[in-house]
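Structure, as structure tokens:
The values are calculated or read from the model by the stated rules, or taken from the named source; none is laboratory data. Just so it is clear, the model here is predicted, and its values are computed rather than measured. Positions of Cβ are backbone-derived with ideal geometry, glycine not excepted, and every protein chain shown enters the neighbour counts.
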Amino acid sequence: MQVLRGWCIFADVKKYIYIVTTLLLLSATSATAEIPVDTLHRDIEQVEITAAIKSSDRRATPISTTSMTMLKLEERGVSSVKELTAIAPNFYQPDYGSSITSSIYVRGFGSRIDQPVLGITLDNVPLMNKNSFDFDFYDIRRVELLRGPQGTLYGRNTSGGVMNITTLSPMVWQGVRAMAEYSTATSARASVGYYARPTDNFGISIAAGFNHDGGHFVNEYTDEMCDRGNSGSVRVRLLGHKGLWDFDNSLSVGYTNEGGYAYHNYTPETGITQAVNYNDPSGYERLTINEGFVARYHNDNISVSSITSYQYLDDCMTLDQDFSTKSMFTMQQMQREHTLTEEIVIRNANNKQNYQWLSGVFIFGKLLDMSSPVTFKEDGINELILGNINNGLHTVFPNNNMMFGVDNFVIASDFRIPTAGAALYHQSSYDVGDWCITAGIRFDYEQTSMHYHSHATVPYCFDLTMSDYKDLRSDFKGKERQHFFEILPKIAVEYNLYKGNIYATITRGYKSGGYNTQIFSDILQVQMMNDMMDALGVALDGVGTATYDSASATKYKPETSWNFEVGTHLKPIKSLTLDASLFWIECFDQQVTVLPQGNNTGRMMSNAARARSFGVELSAEYVYEGLNIRADYGYTNARFRDYDDGTANYAGNYLPYAPQNTAAVMASYTWGIHNKHLQQISIAADWRGIGSIYWNESNSLRQDFYSLLGAQLMLRMSHCTLSLWGRNLLNSDYNVFYFKSVGKEFFSKGKPLQLGVRVSVNI
């Protein structure tokens, strides 16, 4: 019925588009090839960021990049990081669950837990927790993705690349921007921003946005949309300059409250994916506060920048961990994190010199307090605990049964994880004729510790040997500490052509190790079973569930890689831009997410001994008068070369969760119109292709290549733009995520057909 309603709406929209377009064309006196451009998009494309600390001309450097301006983001309907999937070659962020699920994959590598493969900076400030990566793009001026390790250019080290996001500056444009959007599934977005420059030396902006998602999937148990949610944020930015000093202070506050978790039970025997159907409430709530201050001193010879930030994260995730109608168990994960960062960057300011250099130091400290209680309920106690215990017990005492004096109990797990790190990095480039040699090095140090305490109290008895219940208290408490240090070199050779460049780069990548906090409830569950058996004088060694070596299961090792890349940036004619790159990555101790075996629940990070990825990235853009055609393609062949988890050898298998192909084509045409009310009419079509994706290490489950078709009609007036858009117009059915819990398998599906209308005002 939802799809049928969508197509009915689509028919009405088509009729409306035809009528409006006809009237506007009739009102236009004539058309011309000279297309007027609104002031906002003209100005922001011509003025650079006042507080920029690195070079903005990425196409002149030996780096594989993708860049999108505000206009391009609007044309493609990009409103968050995950909507850049496939538009940027070999970039994939599946849209599933809530905003906490910010798993990003670049060139075949990624992480669902803790350490992200990609770093994100917002107005030069690095976001230190991946839980805050998913936010609304309502005032974004530019997004650029730099693939490959960038540790010799940026303070926060990441192995897969850096995404730089820049908001609209009041030093660039002044006025009021407002937007309202409504789409199927009763979803709506709205934003408003005020940008002012009271003096030549000072600018201020205040922007706020709200997003309501009505949801797309029904939970049959409640007969309500399970993935609905609301989010909102406010951003305040102050910029100024005096003499040789520039200042940029940004403050953002964001709040999110979502249902999320539209997980469909999958039956491997039949290949059928069932509807969402679970009984316990699930959701995600998040509060973020980010304060960043950039100060830059510059003269004709040198530029010195200081980037200081404070970041606060307070979130809570609640899950029906079995995602069934049974009362098995629920999990909460409550986090509160404080982070301080400081980065000092010194570079030469004369870009005309043959020798260019940049040096930086980066330090950070963060304190994470986490509580992860798991509540076992009646069905979970009987099936997961008592069932396993009594089955094993009956082999020794056939008529003896264990019983609990409660129908639910809590395994409480509390963590305090302080982390601190420091890095020193440098990069130099020297021009010799048409050649440019770049060399860099980074020294990276990080220390982290984990104070943990898992505990539970359960009243129990054995019906033949005990007359009354007795409290069993299980306790798992201790401290872990780790230190990491790595030297990361980089060397690049670039040859400048008349119409571009060609380059070759060798870089070492690195991700520090960490801790598996989600495994502690399973560890304590095993300990509880053994404690109960000890009380009876029987050793069953955690029968019915996996056992863990706590010393190795609670932590994982760093990941390192060697990255080899050759590529080119070309502009053979004024209207055509071409980019191409070939890459080869050898990864050691790759951090992989391990799903639970048997009736266990906790995910954990482990290390695969060796993995390899190679592939290609291709981008082409043609712009001629009103015509704009852009095509992007990424191919990744990422496989395990050495990975034996003790139960199977996965050498030669594809890495899970990362697509082998990402492709995107966008074509748009804009008509300029001589009319006092209407400036432009634009139509655009957008196609994306993604896949194949393997879901597990054994490669037994796969999402085949799928296509997503979108379209948009934009009517630009002098101060207003009306947009009619559609996404997934063919209503393709595809999966974006897979996981296991309590011996069951689940898929999360991509969003169905969406139709919407958006009105934007710039005054």
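Is it true that I683 is β-branched (V, I, T), surrounded by fewer than 19 Cβ atoms within 10 Å (Cβ to Cβ) and farther than 24 Å from G260 by Cα? Steps first, please.
On the way: β-branched (V, I, T): yes; surrounded by fewer than 19 Cβ atoms within 10 Å (Cβ to Cβ): yes; farther than 24 Å from G260 by Cα: yes.
Against the criterion (β-branched (V, I, T), surrounded by fewer than 19 Cβ atoms within 10 Å (Cβ to Cβ) and farther than 24 Å from G260 by Cα), I683 qualifies.
Of all residues in the range 673-702, which are part of a strand (DSSP E or B) and farther than 24 Å from V78 by Cα? Show your work before the answer.
Here is the first cut: in the range 673-702, the ones part of a strand (DSSP E or B) are 673, 678-691, 693-694, 702.
Answer for the range 673-702, where residues must be part of a strand (DSSP E or B) and farther than 24 Å from V78 by Cα: I673, L678, Y694, R702.
Does A651 satisfy the criteria of being part of a strand (DSSP E or B) and either more than 30 Å from P558 (Cα to Cα) or among the hydrophobic types (A, V, I, L, M, F, W, C) (or both)? Give the steps one after another, and end with the answer.
Working: part of a strand (DSSP E or B): no; either more than 30 Å from P558 (Cα to Cα) or among the hydrophobic types (A, V, I, L, M, F, W, C) (or both): yes.
No, not satisfied.
I need the full set of residues from the range 340-351 which are part of a strand (DSSP E or B), polar (S, T, N, Q) and surrounded by fewer than 21 Cβ atoms within 10 Å (Cβ to Cβ), in order please. Reasoning before the result, please.
Of all residues in the range 340-351, those part of a strand (DSSP E or B) come to 340-348.
Restricting the remaining residues to those that are polar (S, T, N, Q) gives 341, 348.
The answer is N348, and nothing else.
Just checking, which of G260, G232, G292 is part of a loop (DSSP other than H, G, I, E, B), touching a residue at least 12 places away in the same chain (Cβ under 8 Å) and under 22 Å from the mean Cα position of the chain (by Cα)?
Values: G232 fails: part of a loop (DSSP other than H, G, I, E, B); G292 fails: part of a loop (DSSP other than H, G, I, E, B).
Every option except G260 fails the conditions.
For Y548, state whether it is modelled with pLDDT of 65 or more, of a type in the set (F, W, Y) and surrounded by 18 or more Cβ atoms within 10 Å (Cβ to Cβ).
no
Could you list all residues from the range 138-150 that are farther than 18 Å from S64 by Cβ and either out of contact with any Gly (no Cβ under 9 Å at 6 or more places or on another chain) or in a strand (DSSP E or B) (or both)?
I140, R141
When the residues of the range 303-320 are narrowed to those that are acidic (D, E) and buried (at least 21 other Cβ atoms within 10 Å of the Cβ), which ends up nearest to I417 (Cα to Cα)?
Filtering first and then ranking leaves D315.
Somewhere in the range 589-608, is a residue touching a Cys at 6+ places or on another chain (Cβ under 9 Å), touching a residue at least 12 places away in the same chain (Cβ under 8 Å), crowded, with 17+ Cβ neighbours inside 10 Å and more than 15 Å from G160 (Cα to Cα)? Show your work before the answer.
From the range 589-608, those touching a Cys at 6+ places or on another chain (Cβ under 9 Å) are 608; that's our starting set.
Now narrow it down to the ones that are touching a residue at least 12 places away in the same chain (Cβ under 8 Å): 608.
Now narrow it down to the ones that are crowded, with 17+ Cβ neighbours inside 10 Å: 608.
Next cut, more than 15 Å from G160 (Cα to Cα) only: 608.
Taking every residue of the range 589-608 in turn, at least one turns out to be touching a Cys at 6+ places or on another chain (Cβ under 9 Å), touching a residue at least 12 places away in the same chain (Cβ under 8 Å), crowded, with 17+ Cβ neighbours inside 10 Å and more than 15 Å from G160 (Cα to Cα).
Name the one entry in F362, F323 that is crowded, with 17+ Cβ neighbours inside 10 Å, touching a residue at least 12 places away in the same chain (Cβ under 8 Å), closer than 27 Å to Y154 by Cα and of a type in the set (F, W, Y). Break it down into steps so the answer makes sense when it comes.
Numbers: F323 fails: closer than 27 Å to Y154 by Cα.
From the options F362, F323, the qualifying one is F362.
Which pairs turn up if I take residues in the range 489-512 that are at positive phi and look for partners that are among the charged types (D, E, K, R) with beta carbon separation below 7 Å, at least 6 apart in sequence or on another chain?
G500/K571
Quick one: how many residues across the range 156-196 are of a type in the set (S, T, Y), over 22 Å from P126 (Cα atoms) and not in a loop (DSSP other than H, G, I, E, B)? Even if it seems obvious, please write down each step before you answer.
In the first step, residues of the range 156-196 are kept if they are of a type in the set (S, T, Y); the result is 158-159, 166-167, 169, 182-184, 186-187, 191, 194-195.
Restricting the remaining residues to those that are over 22 Å from P126 (Cα atoms) gives 182-184, 186-187, 191, 194-195.
Cutting the leftovers down to not in a loop (DSSP other than H, G, I, E, B) gives us 182-183, 187, 191, 194-195.
Count: 6.
Looking at K499, is it farther than 17 Å from E480 by Cβ, charged (D, E, K, R) and at pLDDT 95 or above?
no
Determine which single condition L153 fails, assuming it passes every other condition in (1) in a loop (DSSP other than H, G, I, E, B); (2) hydrophobic (A, V, I, L, M, F, W, C); (3) in contact with a Gly (Cβ under 6 Å, 6 or more places away or on another chain); (4) modelled with pLDDT of 90 or more.
Every listed condition holds for L153 apart from (3).
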